Amino acid sequence: MRFRWLAVFPLLYAAVFGAVVSALGAPAPFVTGQRLLVRVLALAGCSLAVSAFERGDHLRRAWLWLAGGVIAILLRDLLRLLPSFQAGAAGPQAQAVLSGLGILANLCLLAGVWLLARAWKMAAISLPGGRSGVVAVALVTALLALAVAAPGALKSARDLAGGDWSSLILVVSAVVDIVTLCLIAPLLLTAVSLRGGLFSWPWGLVTASQLSWLLYDAAATLTPGGFPWGEVFRGMAENYLFAAGLAQLFVVQHVRRSSL
């Protein structure tokens, strides 16, 4: 039952956030505060997942990379609260630091998702549809990711070519989003192959987190009525990562209790 609650929690959080924003009109302090909150929750989930494994374990490395990505992006958000790092006041050096942290966060996320996606090979799990199934799902996901993220990536690339170095992080983020979304294929198929078992939950929830980032990319260019859909989907992505980390801890604890 607690695994189902983990899957529902990000949706409940999004509903509460949406209700508050609709009532209050998205005040900046509230939006900023909840953004920091979901970052901290994601870091807590990754840290709990790391604690479940011994040193040198493949999955421990995967969760360490994911935790590193959250730390980098959380640090960037905290720096943005300082006057010298705020929009319009940040100088070239401050912009370089913020961009560097954003790029580092994206690369850590990519490394973590890749290690998780590779875990099915190391565990010799037979995926539904075999290699052709993985290729088919990866192709569909790649086309979907390109349709959503490519326009923004091209615009940012043109701005970068025009000398706007602040667009570099947007280009890197869009490319990493496309690649990580393509890695959803083995994650999704791993969850499907483990259906009915506890082991499916961490993979399934990480997949939900990556799909939420896809929705975030889509919302970046669509803000109907001024409603901050990007913040809603950002919160879902981070909360699903939090839930995935907890699920990973619970699964490992269950296995250890069963072996006693």
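The values are calculated or read from the model by the stated rules, or taken from the named source; none is laboratory data. Just so it is clear, the model here is predicted, and its values are computed rather than measured. Quick reminder, even Gly has a Cβ in these numbers, built from the backbone with ideal geometry, and neighbours come from all protein chains shown. Keep in mind that these areas ignore ligands, DNA and RNA; they rest on the heavy atoms of the full protein, side chains included. Shrake-Rupley method; radii C 1.70, N 1.55, O 1.52, S 1.80 Å.
Helix 2-24: angle to the longest alpha-carbon principal axis of the chain, degrees 0 to 90, nearest 10? Here the helix axis deviates by roughly 20 degrees.
Placing +1 on each Lys and Arg Cβ and -1 on each Asp and Glu Cβ, with no other charges, gives the chain a dipole about its Cα centre of roughly 700 debye.
Projecting the Cα atoms of Ala145, Gln86, Leu11 onto the charge dipole of the chain (Cβ charges, centred on the Cα centre) puts Leu11 farthest toward the positive pole.
For the chain, the gyration tensor built on C-alpha atoms gives a prolate shape. Its axis ratio a/c (a ≥ b ≥ c) is at least 1.5, and a/b is the larger of a/b and b/c. Name the residue from Trp165, Met236, Val135 whose Cα lies farthest towards the positive end of the charge dipole of the chain, charges +1 on Cβ of Lys and Arg and -1 on Cβ of Asp and Glu. Of the listed residues, the answer is Val135. Placing pseudo-labels 7 Å out from each Cα toward the beta carbon at Leu79 and Ser258 gives an inter-label distance of 4.4 nm. Rolling a 1.4 Å probe over the protein heavy atoms of the chain, with every protein chain left in place, gives an accessible area that is 71 percent carbon and sulfur.
Report the extension gain between Ala7 and Asp159 in nm, rounded to one decimal, defined as 0.36 nm multiplied by the number of residues separating them, less their alpha carbon distance.
Working: separation 152, 0.36 × 152 = 54.72 nm, distance 3.85 nm.
In short, 50.9 nm is gained.
The long axis of helix 200-219 is offset from the longest Cα principal axis of the chain by roughly 20 degrees. Charge dipole (Cα centre; +1 on Lys/Arg Cβ, -1 on Asp/Glu Cβ; no other charges) of the stretch 1-122 amounts to roughly 280 debye.
The residues of the chain expose, per residue, 49 Å² of accessible area to a 1.4 Å probe. When you count the other C-beta atoms within 10 angstrom of each residue and take the mean per peptide, 69-82, 104-117 line up highest first as 104-117, 69-82. Ile184 contributes about 10 Å² of solvent-accessible surface, heavy atoms of the protein only, 1.4 Å probe. With the helix formula -39500 (n - 2.57) applied to DSSP H stretches of n ≥ 4, the chain reaches a computed 222 nm mean residue ellipticity of -28000 deg cm²/dmol.
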